[in-house]
């Protein structure tokens, strides 16, 4: 359900960017969504449709989610591995001394506009 | 045909909220007001714990409470009637969490003069509230025994952002397969700095230790 709150944030940021660039309509917003960011892309696009169509700037604007695979690095053996498959425990050496390298992103990558 | 142009933004959706939260924290520091963000699942005993806690503390420091829920004002009324301290209800309008701006709007309606501690009872939910910094000085959460000791594994973000993990309903631990030591271990895995405090809000057991922790926190913040 937090997807709706996130959509309101996206709309606020896109509006700001559109204003700064003198844009009157945005056709696509491209998001980077990390695999373990807890954001569900399908929910995000559903909430987006509902909220974006209420704004002239964003009517019919598509929200595209590019998924960033989650990668964890092991501090003990220095190797990297897929977070979703192995979680917090390094599959190479069994250490729990690991940290998430990427995959937690919820960011606006770019917007596509007609100029 | 119109030319299509791509404008690169590359900005985290949470960046503005993080900024708002940092600003709010700074203002609270100047005013000497400590804001605690209390989170948990629905039904973990947040309100009952708060009533016990406030009744232990209200003669020593001045407290106000903000209750955040999707709807109703049952919690705010309950707190006011049971403790006599000012308590306001915030409605999130369907949203599952509070952000820094909503928290600020709530604080605007709290008479802060002379208040040392504001407790924000966040929406009951272990997922979304963890994503949004409210501007609170500390995050605390309540995990109740019936929910199970494995929750730190299932909701990693919530446990990694909390400085205090209160384990409530310890009186019913024998009826559930709740392993306190395992729970401590799982919390430590998520956040080695987090304190784990077993209590029973119904009987009051352990609540004094929670009050002592909070009192120490408030005093340190005001220095």
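Every number here is computed from the coordinates shown, using simple stated rules; none is lab data. If you're wondering where the values come from, they're calculated on a predicted model, not measured in any experiment. Heads up, the Cβs are rebuilt from the backbone with ideal geometry, glycines too, and the neighbour counts pull from every protein chain shown.
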Mean projected area (nm²) of the alpha-carbon convex hull when chain A is viewed from all directions | 8.0
Given A:61-68, B:26-33, the highest-first ranking by average Cβ count within 10 Å works out to A:61-68, B:26-33
Counting other beta carbons within 10 Å of each Cβ, put B:40, B:72, B:12 in order, fewest first.
-> B:72, B:12, B:40
One would report the antiparallel percent of DSSP beta bridges in the stretch B:89-203, rounded to the nearest 5, as 0
Report P(r) for the protein assembly as shown: all Cα-Cα distances, bin width 10 Å, range 0 to the bin holding the largest distance, values in whole percent.
-> 5, 23, 29, 24, 14, 4, 1, 0
Protection proxy ranking of B:120-131, B:205-216, B:163-174 - average other beta-carbon atoms within 10 Å, highest first = B:120-131, B:163-174, B:205-216
Principal-axis tilt of helix B:74-83 within chain B, Cα atoms, nearest 10 degrees | 50
Please work out the C-alpha center-to-center distance from the stretch B:189-223 to the stretch A:2-28 and express it in whole Å.
-> 41
CD proxy at 222 nm, helix term only [per DSSP H run n ≥ 4: -39500 (n - 2.57); per residue of chain A; nearest 500] | -9500 deg cm²/dmol
Rounded to 10°, Cα long-axis angle of helix B:207-222 versus longest principal axis of chain B = 40
Stretchable slack from residue B:222 to residue B:163, in nm (0.36 nm times residue separation minus alpha-carbon distance) | 19.4 nm
Count, for each residue of A:100-111, the Cβ atoms from other chains sitting within 10 Å of its Cβ, then give me the mean as a whole number.
-> 3
Exposure proxy check on B:144, A:95: fewest-to-most Cβ neighbours within 10 Å is A:95, B:144
So what is the relative contact order for chain B, in percent, with contacts set as C-alpha pairs under 8 Å and at least six apart?
-> 25
Using every alpha carbon pair in the stretch B:64-178, what percent of pairs falls into each 10 Å bin from 0 up to the bin containing the largest distance?
-> 13, 39, 35, 12, 1
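Sort largest first and round to whole Å: the equivalent ellipsoid semi-axes of chain B, each the square root of five times a Cα gyration tensor eigenvalue.
Result for chain B: semi-axes of 29, 23, 17 Å.
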Return B:85, A:10 ranked ascending by Cβ neighbour count within 10 Å, so the fewest neighbours appear first.
-> B:85, A:10
